[in-house]
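This report concerns only the one structure given below.
A short reminder: the numbers here are calculations on the coordinates, not readings from a lab. Just so it is clear, the model here is predicted, and its values are computed rather than measured. Cβ placement follows ideal geometry from the backbone for every residue including glycine, while neighbour counts extend to all protein chains displayed.
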Amino acid sequence: MKREQLFTVIGEIDDRYIAEAFRYAPEAAAVPPERKANMKPKRILTLALAAALILALGVTAYASGWFGLSTRMIETEIPDFGSSTPDLTPAPGGFVASNGEADSPEAQASLAWAKAEERYRQADWDWKAVDAWTAQQEDPACEIYHCYNQEMLDTLHGIAEEYGLRLHSEVAYPMTQEQFKQVTGLGDFLRGEDNFWQGHYIFEDGSFKCEGELALEGGRLVFTLQRSRAGVLAPYGMYVRDPVSYDEWQISQDGHSLNLALRQNDTGFDGLIFVCEGEDFITLSYGAQFVPGTPAEFGREGAEAVAACFDFDALCGGAPDLDAVNGRKVAPVKPKEGLMSTADFAETPEYQAASRFHCAYNEYYDAQQTHEYFVKGQYMQEFYAPFPTGVEELDTLLQELQSQYALRVPTSAQAIFFGDWARPEWMTSLMSYRIPEGASNEDFHLREATDEETWELLGVENFLRSEESYLASAVAWDTGAWQALIVYGSTSYELCYVPKGSFCPTVRAFLHPGAESWAYETACGEQVSLTVDGEMEYPRFTTPLGLYETDTAYVLLQFPGMCSGADLQLFADNIDFTKFS
Amino acid sequence: MTPLEDSEIIALFYERSEQAIVELNRKYGAAVKKTAANILNDRLDVEECANDTYLGVWNTIPPQNPKPLVSYVCRIARNLAAKKYHARRAAKRNSAFDAVLDELEECIPAPVNLEAEYEAKELSAAISRFLGTLSYEDRFFFVRRYFYADSVSDIAAMTQGKSHRISVRLFRTREKLHQYLTEEGLLT
């Protein structure tokens, strides 16, 4: 098909979706944003099982102590986000603050800030100027409340003062569930082995936000969970469109009063659960869309099954300790005899050849980009396909490198790309997968890869120590070199296995090859060298690195962009280096 | 000053008041220029496209009474920009926009006879149905990338997200679209 015709076809999609995408507003969407779409559940907590939990927990319905949608919502005009519902007529709605009833100072202030934010976000921002101003600010409220300039920050302080509230003063971003529990002092709050959650941020008073997925019969449901506390201007709330369309009722679960609200139509549903316990305000929002052609049933039973997945006892209380994340320090040890530093690695032929190719490939890639907003010099691209590249200047360089360093260059590769077997000759970089003209649909269709096949491809046993970690992608070359993309909690990083004497195209060039590294004893008992690679030199990013050496290979942990020394140690602890030979 | 409601702007067009263009530019001018700039690689061309867009809106409202107005205006801007782009010589081509077309072609590679207007409309309708099955975020990413032709880094800035994650999500969505269209019988 002609590309121009295809572009025209896309131009004729439903107006609703064009308008909906005019401005990013996930809080106004009927369905919360999806997360972790590539997570593979091992077993499913069915709706039937969740219903059994309802009986086991002694859930009963009653109607007193109402803290539901009706009492939490402030009627207000919802900003023009566009609508994805069939009826485009503006509907009445309101704003729900995360930490107070409608008439509380917390709710009034939260709404005032939401309105102010909306006005500021409509402006055209010079993002470079915003970055420059933000970098100079010491007020933690600037980052927490996403203020772009002094006027915005002053407005925020003014609102807090007007309503007699304080602002959040510190935030931590836990990367793993384990960190989240350390920071919050909470235990497991989500029932069901295949229900997934990830903490996003937590504030100094114990307020936090996390998101996740529930595995229910017929599909997955995404949720957002917020716990907030009184006395503070909360940086997040939500708009609720057409509240009269919600069915509202109360139940009791584990001795807690739960206020439920559910709205459902032919295409899907979205629900809310409010719990107020002492100083803790808990708001759970969730939703899903029905798969076309499947029965559209959810109802109160489904909503109560969602509630039954959460242990609200475990969500209350706790003692926040942000130092558990923010206070982590680099922990160097005395290097064992013969431990290779990252600076020494930078002198090896394996690094010298690969880094020169990495730079050349990125310079070639940058030269192809002519858009005026493209920033050259970031050196973020990696070349994954086998050789030759088909680009004369790169293949000429490759021949020079082969001649100079006498390394084995890969001529074939196998790849598993986000859970499916991929055609490596169609992969140029991780972000690019180009299908040649004339390819058939059968060629395009990718076969799903099993976990066992992934480890077999790499020729190594599972080296991941945390259950929160998995391999998202893997590429293996015929030289024995391979690279895996590791997902760990909310972050990801690469592990390169480079047999000595081989050329691995995905070894990144350091910005500061002579940068100091430190020896670190990882959780598996093996020592590695770690380096943060020094200061960033805009637009070029640094390349933090973890280095482990065996008799026959180098094992590299590579991180796209800056990360702290404490984070490097956390990522290194996730690897069982004893698995590598 | 708060921008006018869409209905008020359309009323000005019906009154043939030149204030309609002023108000349209105030409310959607940035979006029009951004949409054009994502496709065209030249500031003068972007300005020209924006002006042509306003003229196009002036000439068609009335009798059109579009709801929502933003979709109507951005579609005109997009179509005019694409027309200007394809008319260019190779030296002024925009590789970033070419990348958008490349990605679309990846997920719909099989030849479909688009000479028949009916089949083109059927494909658009199918893609719209597909978009309805997506989460808000995936749909947002898709429409920003392939209707508005935003770069991945622009989308990341809009959503305060990471480019890497967005690229991955777009890739998976393109895969799903391909599968969806195959199951609908629209790809041979």
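Backbone phi angles across segment A:575-580, fed through the Karplus curve with coefficients 6.51, -1.76 and 1.60 (θ = phi - 60°), yield HN-Hα couplings of 10, 8, 5, 5, 6, 9 Hz in residue order; Gly and Pro are listed as x. Among the trypsin sites (Lys or Arg not before Pro) found in segment A:350-424, those both in a DSSP coil and sparsely packed, with 14 or fewer other Cβ atoms within 10 Å of their Cβ, are A:Lys376. Across segment B:145-160, coupling constants 3J(HN,Hα) worked out from phi with the 6.51/-1.76/1.60 Karplus curve, θ = phi - 60°, read 6, 9, 8, 7, 6, 5, 6, 4, 5, 5, 5, 4, 5, 5, 9, 6 Hz, and Gly and Pro carry x. If a spin label sat at a point 7 angstrom from the Cα of A:Gln402 along the line to its beta carbon, the backbone N atoms of segment A:504-518 nearer than 15 Å would be those of A:504-505.
Counting only other chain Cβ atoms within 10 Å of each residue's Cβ, the peptide B:74-80 averages 3. When segment B:95-183 is described by a simple charge dipole with +1 on each Lys and Arg Cβ and -1 on each Asp and Glu Cβ, the residue from B:Tyr148, B:Gly132, B:Ile108 located farthest towards its positive end is B:Gly132. Residues whose amide H comes within less than 5 Å of that of A:Asp420, counting only those at least five positions distant or on another chain, are A:Ala449 (H built at 1.01 Å from N in the peptide plane). All C-alpha pair distances within segment A:270-420, sorted into 5 Å bins from zero, spread as 1, 6, 9, 9, 8, 8, 8, 8, 8, 10, 11, 8, 5, 1, 0 percent across the bins.
Here the 3J(HN,Hα) profile of segment A:275-288, calculated from phi with Karplus coefficients 6.51, -1.76 and 1.60 at θ = phi - 60°, is 9, 10, 9, x, 8, 9, 10, 10, 10, 10, 10, 8, x, 6 Hz, Gly and Pro shown as x. Ordering A:179-189, A:153-163 by mean Cβ neighbour count within 10 Å, with the highest value first, yields A:179-189, A:153-163. Applying a DSSP loop filter and a limit of 16 other Cβ atoms within 10 Å to the GluC sites (Glu not before Pro) in segment A:355-416 leaves A:Glu372.
Within a Cβ distance under 12 Å of A:His512, other residues only, what is the Lys/Arg minus Asp/Glu net charge?
Local net charge: -3.
Considering only A:Pro505, A:Tyr548, A:Leu530, and ranking their Cα positions along the charge dipole of segment A:342-579 that arises from unit charges at the beta-carbon of Lys, Arg, Asp and Glu, the one farthest toward the positive end is A:Pro505. A convex hull fitted to the Cα coordinates of segment B:6-91 yields 80 cubic angstrom per residue.
Of the residues B:Phe13, A:Phe208, the one with the fewest other Cβ atoms within 10 Å heads the list, and the complete ranking is B:Phe13, A:Phe208. Each Lys or Arg adds one and each Asp or Glu subtracts one; over the other residues with Cβ under 13 Å from the Cβ of A:Leu398, this totals -2. Fewest neighbouring Cβ atoms within 10 Å first, the residues A:Glu549, A:Glu178 line up as A:Glu178, A:Glu549.
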